[in-house]
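The values are calculated or read from the model by the stated rules, or taken from the named source; none is laboratory data. This structure is a prediction, so every number in the text was calculated from the model and none was measured. All Cβ positions, even for glycine, are placed from backbone atoms using ideal geometry, and neighbour counts span all protein chains on display. Accessible surface is based on the protein model in full, side chains and every heavy atom, while ligands, DNA and RNA are left aside. Shrake-Rupley method; radii C 1.70, N 1.55, O 1.52, S 1.80 Å.
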Amino acid sequence: QVQLVESGGGLVQAGGSLRLSCAASGRTFSSSTMGWFRQAPGKEREFVAAFSAIGSITYYSDSVKGRFTVSRDNAKNTLYLQMNRLKPEDAAVYYCAASRRLYVAKKTDEYDYWGQGTQVTVSS
C-alpha cells in the first residue's frame, strides 16, 4: 500500500511559479513510476508529467513541456513538480499518482495509487 500526500498548491499570478510536492509512504516509492495529473472543473483528469522508476526517464504533456519539471528524491520518498511561466489554463487540482509500471505510464488506469490533490489557481 502506498499513501500519497500533495502540497504546495495555491494562488499565483500568470507568469509566476509554484513547486508541488508529493510525500509518499511505504517501501515501494523507489520502484514506482510516479506521475502528476490535473483536473479542471468539467474536464477529465489529464496527464501532466511522469518520472520512471527505471532509467530516470521523464515524460511531459505537450501543454507543459518546457515550463514544468518533474523530479524525485527517493531518499525522501518525495516527488516534485516545478511549474514555471504558469498560465490561467494550468489552473486545476493537481494529483500525484504511483504506478507499479517501471517505465512509461501516462494514462490514469496505469496508476495504482492516488493522492487527494492540491488546488492550483492562476490569476490572469
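Residue by residue, here is whether (1) acidic (D, E); (2) within 13 Å of A97 (Cα to Cα); (3) in contact (Cβ under 8 Å) with a residue 12 or more places away in the chain holds:
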| residue | (1), (2), (3) |
| --- | --- |
| Q1 | no, yes, yes |
| G9 | no, no, yes |
| S25 | no, yes, yes |
| M34 | no, yes, yes |
| R45 | no, yes, yes |
| F51 | no, yes, yes |
| I57 | no, no, yes |
| Y60 | no, no, yes |
| G66 | no, no, no |
Test: residue in segment 98-111 that is surrounded by 15 or more Cβ atoms within 10 Å (Cβ to Cβ) and β-branched (V, I, T):
yes
Quick one: which of R72, R45, R67 is among the charged types (D, E, K, R), open to solvent by 30 Å² or more (accessible area, probe 1.4 Å), under 14 Å from R19 (Cα atoms) and modelled with pLDDT of 95 or more?
R72
Please go through segment 18-42 and give me each residue that is under 18 Å from M83 (Cβ atoms) and either open to solvent by less than 30 Å² (accessible area, probe 1.4 Å) or of a type in the set (A, V, I, L, M, F, W, C) (or both), ordered by number.
L18, L20, S21, C22, A23, M34, G35, W36, F37, R38, A40
Residues that are over 15 Å from A105 (Cα atoms) and part of a strand (DSSP E or B): does segment 40-60 have at least one?
no
